[in-house]
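Enquirer: One structure coming up, written as structure tokens, with questions to follow.
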Amino acid sequence: MATYIGFLRAINLGATRKFPKAAIVAAVEGAGFTDVETYINTGNVRFGTTMRSRTRIEAALEEAFAADRGFDVPTIVFSQRELRAIADDAKRFADGHEGRHYVSLLKKAPTAAQVEAVEAAGAAGEVAKVGGRAVHLLLGENYHEAKLTNAVIEKHLGVATNRNLTVIEALADKWGGRPPGGGRTASSSSVLGRNRRVRIHAVAPCRHRRRSHGGAALAAAGFAAPSYGVEYDPRRPGNRVRLTVLGTTDLHGNVYNWDYYKNQEFDNHNSTTKPVSDAIGLARAATLIKAMRKERRGEPILTLDAGDTIQGTPLAYYYAKIDPIDGDTVHPMARAMNLVGYDAAALGNHEFNYGLPILRTFEYAYFPLRVNAVDPATKRPAFKPYLIKTFRVGRGRTLKVGVLGLTNPGIAIWDKANVEGDGVPRAGRAGEEVRAGDEEELAT
């Protein structure tokens, strides 16, 4: 009995191509496969079989899906070893890349000529790297403006389906047949701060402690300089790097500066104590973020959110309770934050108001959540608790920044009805894992 992972193409993207997870499990089991499990709503399924022919496995699944749904569902199958290789290639290809990373999974292995053609198809600031039956798309910050898309890959290489790097790494950890984390190392950590209003923070230049081998690390960032065999002096010109952190918090379902209850632009001014109204909403923050990125173009910049994002307005309630994001619907806050180009977000207490299933679907919408919540069944993190961001800062040097998402343990009490059996916050272990990874990496 061998384990395989199947990726379904183009499901849950419209009203006519819905394929719920429970229906996928039933169809796969009905086709004679065993140990079936799905992951989020984008068509990812693990199963066991005695068959050894990938072509036969794909044909059996596609026949079962067509019979169940009434439409064709192209399916691309990988072994556990192949999935691990894709995740490992992702780390190698993305070294130093600062933008978005997506993976197009191919039904057929490309020829050398096809690889050359697709790797030459990249637009400005966009690169395609081929590894086996996977094409790694290294894009800019805004996925929806990308020219190098899965459609372009299919034009050159045939049937393909696209996943973001967050999903690929999660599946490799979950189903790749190796311990969670896959032995990957990490850099150091920083904690997402919590502010009660939307603010943009410009962080002062980082000073680096003197290290004899030319590298340095801070509590929030690890700075690796080339090893010249001389003592590293942070006072020398060019040996300081400015890292800018742009942070938002408590967006509470506000995409625009809009009062949903009054159905008009938000206005809380009064003639006596508040002559000028506050401004709310992600659209207003996006203007400031865009301006700061333009001002500091070429410098390392992180864009983070500290949570309380998907609760607080009728818009947020609608997509949690009336038309939940559990199929073809993408949460408008996830779509908007992806357009802005956030690097990561922590979870506030209000994210747990609707339970973990909504959060998992929100996470897939091209948006990496980082938080210290533990799955009680596996005793492993429900979400990856940290992010390592690597920046190239010139002269062959890199700056690695660890982002650790923390939320309040009180959630296990306040939202007990929503999270009981799903996951509870913890802090210490996550921070230890990031610090341990940093020490191992610097030693290597």
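Enquirer: So if I average 1/r over every pair of distinct C-alpha atoms in segment 1-156 and take the inverse, what Kirkwood radius in Å does that give? Walk me through the numbers before you get to the answer.
Expert: Working: mean 1/r = 0.0601 Å⁻¹.
Result for segment 1-156 stands at 16.7 Å.
Enquirer: Could you check the spin-label model distance between ASP267 and ASP72? Points 7 Å from the Cα along Cα→Cβ, value in nm.
Expert: 5.6
Enquirer: So which trypsin sites (Lys or Arg not before Pro) in segment 6-79 are both in a DSSP loop and have at most 13 other Cβ atoms within 10 Å of their Cβ?
Expert: ARG52
Enquirer: Could you state the per residue volume, in Å³, of the convex hull enclosing the Cα atoms of segment 8-79?
Expert: Values: hull volume 5.5 nm³, N = 72.
Given the Cα convex hull of segment 8-79, per-residue volume reads 77 Å³.
Enquirer: Kindly rank 57-66, 162-171 from highest to lowest mean number of other beta carbons found within 10 Å of each residue.
Expert: Ranking, from highest mean packing down: 162-171, 57-66.
Enquirer: Using amide H atoms built 1.01 Å from N in the peptide plane, name the residues 5+ places from VAL130, or on other chains, whose amide H lies under 5 Å from its own.
Expert: Here the answer is HIS136, since their amide H atoms fall under 5 Å of that of VAL130.
Enquirer: List the pairs from LYS21/LYS321; LYS147/LYS400; LYS91/LYS174; LYS129/LYS174; LYS21/LYS91; LYS21/LYS389 whose alpha-carbon separation is above 21 Å, in the order I gave them. Write out the running numbers ahead of the final one.
Expert: Working: LYS21/LYS321 19 Å; LYS147/LYS400 28 Å; LYS91/LYS174 17 Å; LYS129/LYS174 24 Å; LYS21/LYS91 29 Å; LYS21/LYS389 32 Å.
Where the Cα-Cα span goes over 21 Å, the pairs concerned are LYS147/LYS400; LYS129/LYS174; LYS21/LYS91; LYS21/LYS389.
Enquirer: Starting from the Cα of ALA59, step 7 Å along the direction of its Cβ; do the same at LYS294; then give the gap between the two resulting points in nm.
Expert: Taking the simple label geometry, ALA59 and LYS294 are separated by 5.7 nm.
Every number here is computed from the coordinates shown, using simple stated rules; none is lab data. Quantities reported herein were computed from a predicted structural model and do not represent experimental measurements. Cβ coordinates were reconstructed from backbone atoms using ideal geometry, including for glycine residues, and neighbour counts include every protein chain displayed.
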